[in-house]
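Visitor: The structure's right below; bear with me while I get my questions together.
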Amino acid sequence: MKSFIKKTLAVLLSATLLFSVVPLAAAAAETTVQESVGASSGTTGECTWTLDDNGVLTISGNGEMRDYGYRFQHPWGDNITSVIINDGVTSIGGCAFYGCTGLTGVTIPGSVSSIGGSAFSGCTGLTSVTIPDSVTSIGGSAFSGCTGLTSVTIPDGVTSVGYYAFYKCTGLTSVTIPDSVTSIGW
């Protein structure tokens, strides 16, 4: 029995290592020199971004931002103070601003239709966010750990709110959910 357990654990550990290396290799292949963490400009999916000396990140273009992961960090680093997403950007990528603790505010235009999973997770300094009527989907853990948020109004048109979307938002005292929401995750 012990031999069976050891073999099973060995197979599981090998599979875990394999699946953790493959996404890293794929992500590394997509990274350009200009997009290294802490850079001042680059591309994200179909959009471009610039980071000024004051920590203001501006996302521009027409189309979707790319998704990032916990192991492949967004290229602008964690030291941003505010985000301006220009009209034309259609989605905020998963983990796009994950762990940006200095982020206090974000401007989301009416062209954005979805906010990816964990997009603002861990942004403990985020105090306000205005979600436009154009957004129809808020991904899982999108705002989890945003301890500075005190109220959220989900606009009409949003049909789904992902699991743990506002998990550990300890300052949250008010959430307004419209009738258009037909699905709320865990």
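The values are calculated or read from the model by the stated rules, or taken from the named source; none is laboratory data. No experiment lies behind these values; they were computed from the predicted model shown. Reconstructed Cβ throughout: ideal geometry from the backbone, glycine too, with neighbour counts over all protein chains shown. Keep in mind that these areas ignore ligands, DNA and RNA; they rest on the heavy atoms of the full protein, side chains included. Shrake-Rupley method; radii C 1.70, N 1.55, O 1.52, S 1.80 Å.
Visitor: Under the definition of Cα pairs under 8 Å and six or more residues apart, what whole-number percent is the relative contact order of region 32-186?
Guide: 15 percent
Visitor: Sort Trp186, Trp76 by heavy-atom solvent-accessible area, probe 1.4 angstrom, most to least.
Guide: The most accessible residue leads, giving Trp186, Trp76.
Visitor: Now for a separate question. If we sort 51-57, 81-87 on the protection proxy, mean other Cβ atoms within 10 Å, highest first, what's the order?
Guide: Highest mean packing first, the order is 81-87, 51-57.
Visitor: Right, another one. Non-local amide H neighbours of Gly185 (under 5 Å, H modeled in plane, Pro and chain starts lacking H): which ones?
Guide: Amide H neighbours of Gly185: Val161, Gly162, Tyr163.
Visitor: Average the reciprocal distances over every distinct pair of alpha-carbons in region 28-186, invert the result, and give the Kirkwood radius in Å.
Guide: 15.4 Å
Visitor: When ligands, DNA and RNA are left out and all protein chains stay put, how many square angstrom of accessible area per residue does region 71-120 have with a 1.4 Å probe?
Guide: 32 Å²
Visitor: Next up: Can you tell me which of 98-106, 117-125 comes out highest on packing, and rank the rest after it, using the mean Cβ neighbours within 10 Å?
Guide: Those peptides, ordered most packed to least, come out 117-125, 98-106.
Visitor: For region 46-61, what does the Karplus curve 6.51 cos²θ - 1.76 cosθ + 1.60, with θ = phi - 60°, yield as ³J(HN,Hα) per residue in whole Hz, taken in order and with x for Gly and Pro?
Guide: 8, 10, 10, 9, 9, 10, 8, 5, 8, x, 8, 9, 10, 9, 10, x
Visitor: Follow-up question, since we're still on this one. Sequence-distant or interchain residues sharing an amide H contact under 5 Å with Val175, placed H: which?
Guide: For Val175, the qualifying residues are Val152.
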